[in-house]
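What follows is a single structure, written as structure tokens, with notes after it.
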Amino acid sequence: MFTNRGFILQYAKFAAVGITSLMVDYGVMVFLTENTALGYFKACAFSYTISIFVNYILSMKYVFQSREDMSKIKEASIFFVLSLIGLFLNQFVMWIAVDFLGVYYAAAKLLSTLMVTNYNYISRKKFFE
């Protein structure tokens, strides 16, 4: 399925894009949680949504290649549907970690990101290659 070198290079690019997206996601979430009345849960959903746009642009430019048999509209639609599933998973982990386990929201975000990252990579690889 994967060649070792090709897989490692692609996953490294995916990780670099992911770190950039995480910085946007995490920074916006902390800013909104600490400086507005949104609360962590709404701030987390908003910041994740913003990071989806950053991730899409960078992923399609540096990580995944557009398929010739797929229009840009279909490509973007699939990406955003997959990202909505990721948003649901992210919010679920945040809710469980913060509200039930008492984890500080900023730490819970890092845990959530680790858990959702593999879903994002596998789902995008399946649909975009």
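Listed by first and then second residue, the pairs linking a residue in the range 1-30 that is within 14 Å of Ser59 (Cβ to Cβ) and open to solvent by less than 40 Å² (accessible area, probe 1.4 Å) to a residue that is of a type in the set (A, V, I, L, M, F, W, C) and assigned to a helix (DSSP H, G or I), with Cβ atoms under 7 Å apart and 6 or more places separating them unless they lie on different chains, are Gln10/Val63; Phe14/Val63; Val17/Leu58; Val17/Val63; Ser21/Val54.
Against the condition more than 18 Å from Tyr121 (Cα to Cα), open to solvent by less than 40 Å² (accessible area, probe 1.4 Å) and either out of contact with any helix residue (DSSP H, G or I) (no Cβ under 9 Å at 6 or more places or on another chain) or in a helix (DSSP H, G or I) (or both), how does Met70 come out, does it pass?
Values: more than 18 Å from Tyr121 (Cα to Cα): yes; open to solvent by less than 40 Å² (accessible area, probe 1.4 Å): yes; either out of contact with any helix residue (DSSP H, G or I) (no Cβ under 9 Å at 6 or more places or on another chain) or in a helix (DSSP H, G or I) (or both): no.
Considered against the rule, which asks whether it is more than 18 Å from Tyr121 (Cα to Cα), open to solvent by less than 40 Å² (accessible area, probe 1.4 Å) and either out of contact with any helix residue (DSSP H, G or I) (no Cβ under 9 Å at 6 or more places or on another chain) or in a helix (DSSP H, G or I) (or both), Met70 comes out as no.
Checking each residue in the range 31-44 for being surrounded by 17 or more Cβ atoms within 10 Å (Cβ to Cβ) and of a type in the set (Gly, Ala, Ser) picks out only Ala43. From the residues in the range 71-129 that are at pLDDT below 90 and among the small types (Gly, Ala, Ser), which one is nearest to Phe7 (Cα to Cα)? Out of the qualifying residues, it is Ser123. Across the range 47-67, the qualifying residues are those that are hydroxyl-bearing (Ser, Thr, Tyr) and at pLDDT 90 or above, and the one among them that is most open to solvent (accessible area, probe 1.4 Å) is Thr49.
Checked across the range 4-14, the condition of being in a helix (DSSP H, G or I), within 28 Å of Phe127 (Cα to Cα) and of a type in the set (S, T, N, Q) holds for at least one residue.
Just to be sure before I move on: is Phe79 open to solvent by 30 Å² or more (accessible area, probe 1.4 Å) and either assigned to a helix (DSSP H, G or I) or in contact with a Pro (Cβ under 8 Å, 6 or more places away or on another chain) (or both) in the structure I sent?
The answer is no for Phe79.
The values are calculated or read from the model by the stated rules, or taken from the named source; none is laboratory data. The structure displayed is predicted, hence computed values, not measured ones. Cβ sites come from the backbone with ideal geometry, for glycine too, and all protein chains shown count toward neighbours. Surface areas here come from the heavy atoms of the whole protein model, side chains and all, with no ligands, DNA or RNA. Shrake-Rupley method; radii C 1.70, N 1.55, O 1.52, S 1.80 Å.
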